[in-house]
């Protein structure tokens, strides 16, 4: 459940039953740990028992911490939106996006042969299917920064806005760069 909550950021907003479930899990664990009911679990040694209980306690504490933190953030956001009218209008959102995109358009140098000065190195292609995942020697020694597209709607990119190909291209390039 910890992985679910850390990967799906909207989980607590969408599933209102998660906080009570996590609270119940914590209570049930404390009852079980104190010997409140018998389940047939008999660890080989006292050290094994203590290690297992400590590991479970840390996982439950982490889970409770995530739920507490995210629930508090949701409450703060709901209070701010409800009390002061801080919701952003569509016009304000558009202005904000345009402010981000302006500098990106000025600095934009597309990938591969679409770049005015040509490819940056021997592994710089417009088609991600042609890119070797491990970097080439020429790529590692290239003084030119790689093509890293912005993951912002309407940001400059050589593929069609809103297309699955564009999304895959952006995600592939950003993930590959993160791994290097």
Somewhere in the range 80-97, is a residue surrounded by 11 or more Cβ atoms within 10 Å (Cβ to Cβ) and closer than 21 Å to residue 175 by Cβ? no
Go through the range 134-168 and report how many residues are in contact (Cβ under 8 Å) with a residue 24 or more places away in the chain and over 20 Å from residue 116 (Cα atoms). 5
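Residue-by-condition table, conditions (1) loosely packed, with under 10 Cβ neighbours inside 10 Å; (2) in contact (Cβ under 8 Å) with a residue 12 or more places away in the chain:
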position: 13; (1), (2): no, yes
position: 19; (1), (2): no, yes
position: 25; (1), (2): no, yes
position: 30; (1), (2): no, no
position: 40; (1), (2): yes, no
position: 44; (1), (2): yes, no
position: 49; (1), (2): no, no
Criterion first (in a loop (DSSP other than H, G, I, E, B) and surrounded by 13 or more Cβ atoms within 10 Å (Cβ to Cβ)) does residue 152 satisfy it? yes
The number of residues in the range 134-149 that are in a loop (DSSP other than H, G, I, E, B) and surrounded by fewer than 16 Cβ atoms within 10 Å (Cβ to Cβ) is 6
Can you tell me how many residues within the range 113-133 are in contact (Cβ under 8 Å) with a residue 24 or more places away in the chain and either outside the structural domain of residue 165 (by TED's automatic domain parsing) or not in a loop (DSSP other than H, G, I, E, B) (or both)? 2
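The values are calculated or read from the model by the stated rules, or taken from the named source; none is laboratory data. Being a predicted model, the structure only gives us computed values, none of them experimental. Don't worry about glycine lacking a Cβ; one is built from the backbone with ideal geometry, like all the others, and counts go over all protein chains shown.
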